[in-house]
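Student: Could you have a look at this structure, given as structure tokens, before my questions?
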Amino acid sequence: MRSGHVVRYDGKRGVTWRIKYTDATGKQVMETVGAERDGITEKKARDLLQERQVDVRRKAYRKPKPTTFGQYRQTWFEQGATRRRWSRRTVTQYRSILKRAGVFFDPMPLGGIRPRHIAEYVVMQTETLEASTVSRDLSVLHDVFASARREELIESNPAAGAEHPRKARRRWRILEPAEVGRVLRAFDDEQARTIFLTLVLTGIRRDELRNLRWRDVDLLEQVLRVQDSKTEEGIRSIALSPALTAALEQHYRRTPFQGDGEYVFCHPERGTRYSEKLFAEQFTEARIAAGITDYVRPFHDLRHTALTNEAASGSSPIALMTKAGHTDMKTTRIYLHLAGTVFREEAAALERRLLGPVESSTDLTSPDVTSGD
């Protein structure tokens, strides 16, 4: 008697492959592997059948109860927030993404979601959302399905290979050095002025700045330590320039909240985290007073201003990558490109290594350029 076999089903939408076998309890199981339009072949169905039969013999395998996307994504979110120690910002963002995706996927069986469903979701969302937002949705969905696959709840990740919508080319408004000076002088509020100076001289992110505490700022050693970042690479130490050190010293003397655990930038009366909305308003007023009519994002574009001007000042790619807290050089290259950075010293060093000292001649084909014969 055969313990299992592959079943071909010819439906209105094409061929679907299923497998039939007996689990460890003696119960007959009919499991849908997938449709040919999604790349499932008879061979793949037979391979899965063999895996199931091995699992039945070795692990007393029982087919899990059907799980909906809504049930699984809630479990994934709760476990992930604890296990991966997501930041508050990440928790908020993921909750919003999963809630949006849940409207479309929640009633569907987890194992019944196919690549075409992901594609339909993308098309639907791009009608109302920006491409970058839909792309983030896809990335989170990929992680959800990847976890389900590791737990053997699904056979393949339907979000793998999904086409991300093309993002519009980002146009950053980077302040020129002269503009930075004008804006700095235009602030009416001293704390906002110090925040602006910190952003353009360190390039730290919005939440990194808002989470800074006095224990993270060493004014004697002139070092700022970012302890609360969105990535492991974001935890870093940044040298403070003399002007920024002096500004932070003055800010420390002004604020009544000077304890190690107090926020560096905070509500002037309550000591709570500084309001990003308040700074956005104060920065906008200073920008306009400085004669800059272009819209400049108060945190993102100031970070781009800091890093691009850092690259233009001759900072090495590794130093720039470390200061920015980037996870890889690919992101750092954006700032090197915007700054028009060319590595002349590195080119000269390579020439010296490969060709030896070159004196007056520029004819590299000349036999006496490197040999001296």
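Student: At 0.36 nm per residue, and after removing the present C-alpha to C-alpha distance, how many nm does the segment from Met329 to Thr272 gain when stretched out fully?
Tutor: Stretched out fully, the Met329 to Thr272 stretch lengthens by 17.0 nm.
Student: If the cut-off is a Cα-Cα distance under 19 Å, which aspartates and glutamates reach Lys323, setting aside same-chain residues fewer than 8 apart in sequence?
Tutor: Answer for Lys323, where 19 Å is the Cα cut-off: Asp207, Glu208, Asp216, Asp218, Glu221, Asp228, Glu232, Glu233, Asp301, Glu310, listed by chain and number.
Student: Using every alpha carbon pair in the range 211-331, what percent of pairs falls into each 10 Å bin from 0 up to the bin containing the largest distance?
Tutor: Bins of 10 Å from zero give 11, 34, 40, 14, 0 percent of pairs.
Student: Round to the nearest 0.05 the FRET efficiency obtained for Glu151 and Arg46 when R0 = 25 Å and r is the Cβ-Cβ distance.
Tutor: 0.60
Student: Oh, and also: Starting from the Cα gyration tensor of the range 69-150, take the square roots of the eigenvalues, sort them a ≥ b ≥ c, and report rounded, prolate or oblate (rounded when a/c is under 1.5, otherwise prolate if a/b is larger than b/c, else oblate). Could you put the intermediate results ahead of the total?
Tutor: Values: a/c = 1.95, a/b = 1.19, b/c = 1.63.
Since a/c reaches 1.5 but b/c is at least a/b, the shape of the range 69-150 is classed as oblate.
Student: Here's another thing I want to ask about it. Among Pro256, Trp172, Thr305, flag the residue with its Cα farthest along the positive direction of the charge dipole of the range 156-315, charges on Cβ as +1 for Lys/Arg and -1 for Asp/Glu.
Tutor: Most positive-ward Cα: Trp172.
Student: Suppose a student asked you for the relative contact order of the range 69-150, using Cα pairs under 8 Å spaced at least 6 residues apart; what percent would you report? Provide the component values of the computation, followed by the final result.
Tutor: Working: 32 pairs, mean separation 34.2, N = 82.
The normalised contact order for the range 69-150 reaches 42 percent.
Student: Moving on to the next point. So what does log10 I(q)/I(0) come out to for the range 4-135 at q = 0.11 Å⁻¹, using the Debye formula with one equal point on every Cα and no solvent?
Tutor: Values returned for q = 0.11 Å⁻¹ are -0.57.
Student: Shifting gears a bit: Tally Lys and Arg at +1 and Asp and Glu at -1 over the other residues with C-beta under 13 Å from the C-beta of Ile238: what net charge comes out?
Tutor: On the way: positive: Arg205, Arg225, Arg236, Arg303, Lys323; negative: Glu208, Asp216, Asp218, Glu221, Glu310.
Taking every other residue near Ile238 into account, the sum is 0.
Student: How big is the gap, in Å, between the Cα center of the range 234-282 and the Cα center of the range 1-54?
Tutor: The distance from the Cα centre of the range 234-282 to that of the range 1-54 comes to 62 Å.
Student: OK, next. Calculated FRET efficiency, Glu249 and Thr284, Cβ-Cβ r, R0 30 Å, to nearest 0.05?
Tutor: 0.65
Student: Quick one: compute the contact order of the range 4-59, relative version, from alpha carbon pairs under 8 angstrom and 6+ residues apart, as a percent.
Tutor: Details: 86 pairs, mean separation 18.3, N = 56.
That works out to 33 percent.
Student: Assign one of three labels to the range 258-303, namely rounded, prolate or oblate, based on the Cα gyration tensor with a ≥ b ≥ c the square roots of its eigenvalues; rounded applies when a/c is under 1.5, prolate when it is not and a/b is larger than b/c, and oblate otherwise.
Tutor: The shape class here is prolate.
Student: How big is the gap, in Å, between the Cα center of the range 118-147 and the Cα center of the range 171-209?
Tutor: The range 118-147 and the range 171-209 have Cα centres spaced 34 Å from each other.
Student: Let a ≥ b ≥ c be the square roots of the eigenvalues of the Cα gyration tensor of the range 4-59; is it rounded (a/c under 1.5), or, if not, prolate (a/b larger than b/c) or oblate?
Tutor: prolate
Student: Among residues other than Asp188 whose Cβ falls under 12 Å from its Cβ, what is the net charge (Lys/Arg +1, Asp/Glu -1)?
Tutor: -2
Student: So how strong a dipole does the range 69-150 carry about its Cα centre when Lys and Arg Cβ are +1 and Asp and Glu Cβ are -1, to the nearest 20 debye?
Tutor: 460
Student: Relative contact order for the range 150-284: what percent, with Cα pairs under 8 Å and sequence separation of 6 or more?
Tutor: That works out to 22 percent.
The numbers here are math on the coordinates, done by the rules we state, and not lab data. All values reported here derive from a predicted model rather than from experimental measurement. All Cβ positions, even for glycine, are placed from backbone atoms using ideal geometry, and neighbour counts span all protein chains on display.
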